[in-house]
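The values are calculated or read from the model by the stated rules, or taken from the named source; none is laboratory data. For clarity, every value in this text was computed on a predicted model and none was experimentally measured. With ligands, DNA and RNA removed, areas are computed over all heavy atoms of the protein, side chains included. Shrake-Rupley method; radii C 1.70, N 1.55, O 1.52, S 1.80 Å.
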Amino acid sequence: MHIPIRSRYRLLFICTALLLVPFLLPHGRDKSIESDIAESINSILRLSARICKKGPNEVQKPVSALKDESRYSALAEKIPPAPLSQLDGGSKKITKPKPDQSPGNEQDPEPLIKVLEADLQWGDTGPQKPPPLKPPREKKSPIADPFPLLSKPLSPFYKNLLTERTRPPTPHPAHSTPLFIGFTRNWPQLLQCVVSYIAAGWPAPDIYVVENTGVMYSNRDDKLSLQNPFYLNHTQLAMLGGVKVLMTPTLLTFAQLQNFYAHTALERNWTEYFWSHQDVVVFSFEEAAEGGAPSSDTIAKQGFNIYDRNSSSSLYHRAVSVQSFLRKKPNMQAPTKWANVFFSYDQLTLVNTAAVVNTGGWDTHIPFYTSDCDMYIRQKWSGYTHYRTAEAGHVFDVASVLDDVGVLLRLPGIHASFSGDPGIPIEDQAWWKAIYSDPAPSSSSSSTFMREINTLTRLSKQTSRFGETYTALVQVVGRMSDQKYSGGTNSHRNTWQKSQSGGRGEPFYRDPDGFEQGILMQIDLGREVFSDKWGHRGCDIARSLVDLAWRLERDWDVDEEGWGYEGGW
């Protein structure tokens with residue numbers, strides 16, 4: 001290989017000069033040895049450039065830190081030497097840089113690219129023994145479409161019926177009544193929650209699903225599949241009377257999401273707003289309506305089975321009446337400072353926007369659990385009041401999903417059922433079995449038993465024709481709630497968050513089990529932060545009347561009782 005004379009002399013000069021570095025170091029200056037060596041090398045390079053008749057801008061840029069130089073030198077040792085033709089361009093013609101081109105950028109970037117590639121390889125790239133894998137994961141069954149009617153072209157009958165069942169109640173209150181429902185995973189459960197609020201009278205245009213998935217526009221552009229945990233269908237939400245979707249710019253923790261609610265309220269001049277968990281199903285107190293819930297005979301006579309969402313006993317009306325009362329505080333003797341109204345603790349909450357802002361927002365160092373304890377106690381110390389009011393309606397905390405959430409809108413032909421139903425009470429099982437299996441009645445059957453069979457059979461037929469009854473819905477969803485806390489533990493409480501395992505190869509794919517593990521680690525971290533912030537493990541810190549955050553000694557022994565995230569929760 002031919003090396004140009006200029007390059008030979010330059011390489012020889014640099015090697016010789018480097019040997020003289022110890023003798024050329026400047027003395028008497030208060031600088032570190034590394035800075036002195038770097039300055040000397042830069043001086044040699046500039047001298048080399050003048051000797052080789054190259055411009056000062058074409059010389060290698062000054063060395064700023066020898067530590068970086070040594071790191072990349074070690075990496076360079078692992079890179080095979082490039083052909084000599086690549087060092088000087090070989091037979092390529094050397095062209096003078098254009099006036100608008102920086103002379104220092106004419107070097108071939110390939111050597112630098114090779115260094116970066118070696119850096120990203122994290123060591124030896126030769127044959128290695130595969131790392132050990134964790135035990136195989138249990139395969140999850142694919143989830144079913146939670147509302148099949150929305151996934152196919154609607155017939156004129158169902159289109160009109162759906163429009164009627166999702167039409168907002170009138171008249172709308174004079175003030176805004178926004179309801180935030182945060183979403184990260186499990187589309188079927190979110191859809192079930194949204195449909196239940198619409199059926200309970202909440203105006204669909206006032207419902208804001210906050211898509212906190214971190215997949216940016218992937219759901220809006222229909223790039224994710226149903227089996228992906230972060231899948232959300234914007235189109236179907238719009239079909240339900242105009243439910244709105246707000247997208248967070250990135251994946252937020254629970255505390256950050258709460259601050260996002262408050263920020264949105266400020267942007268839209270909402271002095272109050274509601275928010276709800278997505279793992280709930282709500283109902284109005286239809287049994288409290290005038291005349292109670294409609295009987296099967298009344299349903300048959302009316303020709304439909306749908307609750308009047310304009311009723312004063314609807315969940316929406318009862319919740320908004322509390323909001324209206326608090327807005328009229330000068331005349332109604334309401335307290336001047338209130339922060340939250342809990343209708344079923346925070347499963348449905350009315351929030352005073354000013355209380356969030358004036359308390360400094362949610363502490364984002366406590367990302368998930370215990371962030372509520374921290375916020376609500378700080379608000380209390382700031383002089384704000386929290387209300388635990390009478391329930392606005394039935395609020396069921398659930399982990400499962402109805403087989404078809406359209407049943408919540410009392411659509412004809414849809415029965416209330418869910419997978420894993422522990423079953424109807426023993427005394428009722430024979431009746432329902434007889435209804436759905438339709439056995440021939442035995443001669444030994446009592447007249448009372450047969451009357452019950454005939455009644456339930458008639459109800460089943462009416463459900464197919466007019467929609468499910470309120471009583472049946474409340475009973476089925478009640479069993480869903482019981483199942484979530486079966487066994488007296490919280491073992492089933494959050495199973496809904498990891499019920500999907502698909503989406504590999506789709507945008508922003510995350511390993512579902514790994515995502516869940518990361519959340520659990522952040523939960524422990526948040527508890528650790530909370531316990532160090534208040535010097536106590538547990539939410540019972542209201543004993544103090546002054547905000548002493550980060551100034552209290554721990555009231556437990558770490559060596560004997562464990563870290564802040566252990567015990568006390």
TODO: Using θ = phi - 60° and the Karplus relation 6.51 cos²θ - 1.76 cosθ + 1.60, list the HN-Hα couplings for segment 219-232 in order, rounded to whole Hz, with x at every Gly or Pro.
DONE: 6, 4, 8, 6, 9, 10, 9, 4, 7, 6, x, 9, 5, 8
Open item on the list: Over segment 327-421, what is the relative contact order in percent, taking alpha-carbon pairs closer than 8 angstrom and at least six residues apart?
Closed with: 27
Task: segment 312-400 - share of DSSP beta bridges that are antiparallel (%, nearest 5) - done: 40
TODO: Would you mind checking which residues have amide H under 5 Å from Arg410's amide H? H placed 1.01 Å from N; only 5 or more apart, or other chain.
DONE: Glu468
Open item on the list: Run the numbers for Lys337 and Leu266: contour at 0.36 nm per residue of separation, minus the present Cα-Cα distance, in nm.
Closed with: 23.8 nm
Open item on the list: List the residues, sorted by chain then number, that are 5 or more residues from Gly538 or on another chain and whose placed amide H is less than 5 Å from its amide H.
Closed with: none
- [ ] Can you sort Arg220, Arg378, Arg551 by 1.4 Å-probe accessible area, starting with the largest?
- [x] Arg551, Arg220, Arg378
Task: Built amide H within the under 5 Å cut-off of Tyr273, gap 5+ - done: Val351, Thr353
